[in-house]
1. Spot the failing condition for A:L37; the list is (1) part of a helix (DSSP H, G or I); (2) open to solvent by 20 Å² or more (accessible area, probe 1.4 Å); (3) among the aliphatic types (A, V, I, L, M); (4) within 14 Å of chain B (Cβ to nearest Cβ), and only one is missed.
2. What do you reckon, is A:V138 within 13 Å of another protein chain (Cβ to nearest Cβ) and open to solvent by 10 Å² or more (accessible area, probe 1.4 Å)?
3. Go through region B:43-67 and give me each residue that's touching a residue at least 24 places away in the same chain (Cβ under 8 Å), open to solvent by 70 Å² or more (accessible area, probe 1.4 Å) and of a type outside the set (A, V, I, L, M, F, W, C).
4. Look at region A:433-454 and say how many of its residues are assigned to a helix (DSSP H, G or I) and open to solvent by less than 80 Å² (accessible area, probe 1.4 Å).
5. Which of the helices (runs of 4 or more DSSP H) found entirely inside region C:1-91 contain at least 1 residues meeting this: more than 12 Å from every other protein chain (Cβ to nearest Cβ) and either out of contact with any Phe, Trp or Tyr (no Cβ under 8 Å at 6 or more places or on another chain) or under 15 Å from A:I165 (Cα atoms) (or both)?
6. Quick one: in region A:141-151, which of the residues that are open to solvent by 10 Å² or more (accessible area, probe 1.4 Å) and assigned to a helix (DSSP H, G or I) is farthest from A:F222 (Cα to Cα)?
7. Take the conditions within 22 Å of A:A460 (Cβ to Cβ) and of a type in the set (S, T, Y) and apply them to A:S232. Does it pass?
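The values are calculated or read from the model by the stated rules, or taken from the named source; none is laboratory data. Everything numeric in this text was worked out from a predicted model, so none of it was measured. Cβ atoms come from the backbone with ideal geometry, glycine included; neighbour counts cover every protein chain shown. What goes into the accessible areas is simple: the full protein's heavy atoms, side chains included, and nothing from ligands, DNA or RNA. Shrake-Rupley method; radii C 1.70, N 1.55, O 1.52, S 1.80 Å.
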Amino acid sequence: MNMALLPSMVAIPLGIAFFTYLLARKSSILADILGNLATFSILVISILLIKTRGVYVIGGWNPPIGINWVLDGLSNLVLVVVALISFAATIFSTRYMEQYTARYKYYSLFLLMVGGMNGVILTGDLFNLFVFLEVASVASYALVAFGCNHEELEASFKYLVLSSIGSTLVLFGVAFVYGATGYLNMASIGGIMATGNQNTILTVAAVLFIVGFCIKAALVPFHPWLPDAHPSAPAPISAMLSGVLIKALGVYALFRILFNVIGLNQLYGTLLIVLGLLSMTVGVFLAVGQWDFKRLLAYHSISQMGYVILGVGLGGYILATGGSSSVAALAILGGIFHLANHAVFKSLLFLSSGSIEYSTGTRQLKEMGGLISIMPVTRTTCSIASLSIAGVPPFNGFWSKLLIVIAAIQAGFHAVAGITILVSFITLISFLKVLRYAFLGELPEKLKNIKESPALMGVAQAILALFCIGMGLLLLPGPREFLLEPAVNALIQGVEYARIVLSGS
Amino acid sequence: MKGMTLIVKTVTRWVKVFIFLYGIYLTITGHLTPGGGFAGGVVIACSYILLTLAYGREFALKNLSLGKASVFDSSGVLLFLIVALLGIGFGGIFFANFLQARYPGEEFALFSSGTIPIYNIAILLKVGASLFNVFVILSILRIVVEKDGSKKMVAEGDREEE
Amino acid sequence: MIYTLCFVLFLIGLYCAITKKNIVKIVIGLTLMEYSANLFLILLGYRKGGVAPIVSENMNITEFLATSVDPLPQALVLTSIVIGLGVTTLAIAICIRLYEKYGTFDITEIRRLKG
């Protein structure tokens, strides 16, 4: 029954996007209402869908002829995360976007981006994935340039060029897969791979997919666009881009294709581990020296995405080399859980930075100081998120990092575990710097008259802060079976995915 | 004199209707022959672009203003989505072709494929209006150097009034 | 192999996007890369001496299936051309805006972001 709700995950954002564009031209309040309504309804639907598993066949054409949408554990988890972050971002936008004109265009593009991401998460067809990828990307190029100032346009152009190269590589990958197998349906391709068919063309395709999606996910050799694009966008958009866009378009799509479609082998596992380690270390060292708050956060995004790739890549490597599957499950659980955690705390950090920017008008840490007495809400949420990203025990970031470290030690990768802990310490140092310069110390003369940012922005931050504190509970045996366990199983099953999807339809 | 020479104008006056009709023809027979909503939309947008080139922008915008074009644009998408959602209501599945299930026409007849012509018309609205919009918006903007040396972008029409 | 030409085209596009200083030329490079991907997809479905994949009345279906080219890549290419149109339009719009702000198309002079 619940499966009938599945199309609305894409239909609601896309429909309301154009509805807003059509009707809310004159009234920005109507645009606010429609935008919040849309994200709230997809949040509700995504929660209703948590226990549902299955295949939705678009237009009644069965695969491999038609397009099918697949809802399994992993897509469920990412859907909930996307819906949650976009809901918080739209609440935040109602007040924050007052600085900008043309609010209907903002919400229209925002919802297009959300619809595109939901499509990427749900689809079970390679070309459909490419189309939704481009819908979300094009909307995000425009959103990065939304302010139309020097930096924004420059960042947007850089992002557009690099990301288009990524998309072209993905399209080449799709073409190679189609040429080699004659199918575009992920499950049908997975079915061919499950028979043990190893094809060099598919290896080429896999490499193209890895490079293409790594550009979208901004992993370290392909990262240069991210530190420009993410800080330049308006704060709620930064939160969306850093929080969910790079995950849904880059990391999720990469995992889905490597694990479930092409099937993992040792080479790809090693590649993921190396990429993860590189992103972690390079990202964090670049971040330490930054004085622009949002740019610092953007570099930390690269570093934290490294954790996700490392965790899942480690699990994949262990699986491919025939190691213990419980260790692999632990590593993948760590990676996937860190994906969800990072979405929450990084969005919270970006929203906090937006709130500080809204009040003080600056992003430079050196120009801030002493905000502890003026902005109590922002200070609390920002501290929670900082401790969370640094991996301090009661908060969510700690648990996922702990899982990755334990898995690495159990698998015998002691050096990897050491690097993981080291990076975590550097992250802590970097965020102590943020807290010290932004909130402690003397209040500068010109910031004497500022106020705390509006209450609605505080509400959005508080929601995410609660999740930061509480998400560790998801690891308890009861709740774990709801979200995390199915997500891990979806990846571990590998090319078994094909059998499940094709029989389910 | 706005626009191009008399020859171009006269030819345009004769040809524009046929181009427009050809766009419509491509769209409504899109399920039988090559063509469809996208090709039809491009052809229709071309007929307006031809008007713009031959008679000048004002004449074309009098026929189809930018605001109206973006209304067509959005309503095209909404029409597409509504028909797709009606598929859930009548056929049980998103994008279900509920009309064909009920009224199966003869093969190769004009009314034989249920909802597909409606999708084609929606695509025609979307593509035609947005291509025209893109053309006009990209061609209309000029960069003007202000007196203090800063550059500003204005629509060309505004500058002529100054 | 004719497929190699697609990669030559792709590399030309990549070279253009990487080395050129004019942002409009970079956009041209991007579109070249897209077209190479489209061309590759079309060539995948091509069959020498094949007929167009359009069914009409009074046609022998089995004979048609044996001789027609693969229609699926053509549908895919149509979609990806539309996407390419959108991306190119946006890129050109950003170029115009950049020219408005910086007064130049030279990428080496458009450098405000550092780090």
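1. Here A:L37 meets the rest and fails (4).
2. Against the criterion (within 13 Å of another protein chain (Cβ to nearest Cβ) and open to solvent by 10 Å² or more (accessible area, probe 1.4 Å)), A:V138 qualifies.
3. If the condition is that a residue be touching a residue at least 24 places away in the same chain (Cβ under 8 Å), open to solvent by 70 Å² or more (accessible area, probe 1.4 Å) and of a type outside the set (A, V, I, L, M, F, W, C), then B:E58 is the only one that fits.
4. Selection size over region A:433-454: 6.
5. C:3-19, C:61-67
6. In this case the residue turns out to be A:H150.
7. For A:S232, the condition - within 22 Å of A:A460 (Cβ to Cβ) and of a type in the set (S, T, Y) - is met.
Residues are listed down the side, and each one gets a yes or a no for (1) within 18 Å of A:F130 (Cα to Cα); (2) hydroxyl-bearing (S, T, Y); (3) open to solvent by 40 Å² or more (accessible area, probe 1.4 Å); (4) touching a Lys or Arg at 6+ places or on another chain (Cβ under 7 Å):
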position: C:L11; (1), (2), (3), (4): no, no, yes, no
position: C:G50; (1), (2), (3), (4): no, no, no, no
position: C:I54; (1), (2), (3), (4): no, no, yes, no
position: C:S68; (1), (2), (3), (4): no, yes, no, no
position: C:T79; (1), (2), (3), (4): yes, yes, yes, no
position: C:V87; (1), (2), (3), (4): yes, no, no, no
position: C:T104; (1), (2), (3), (4): no, yes, no, no
position: C:E109; (1), (2), (3), (4): no, no, yes, no
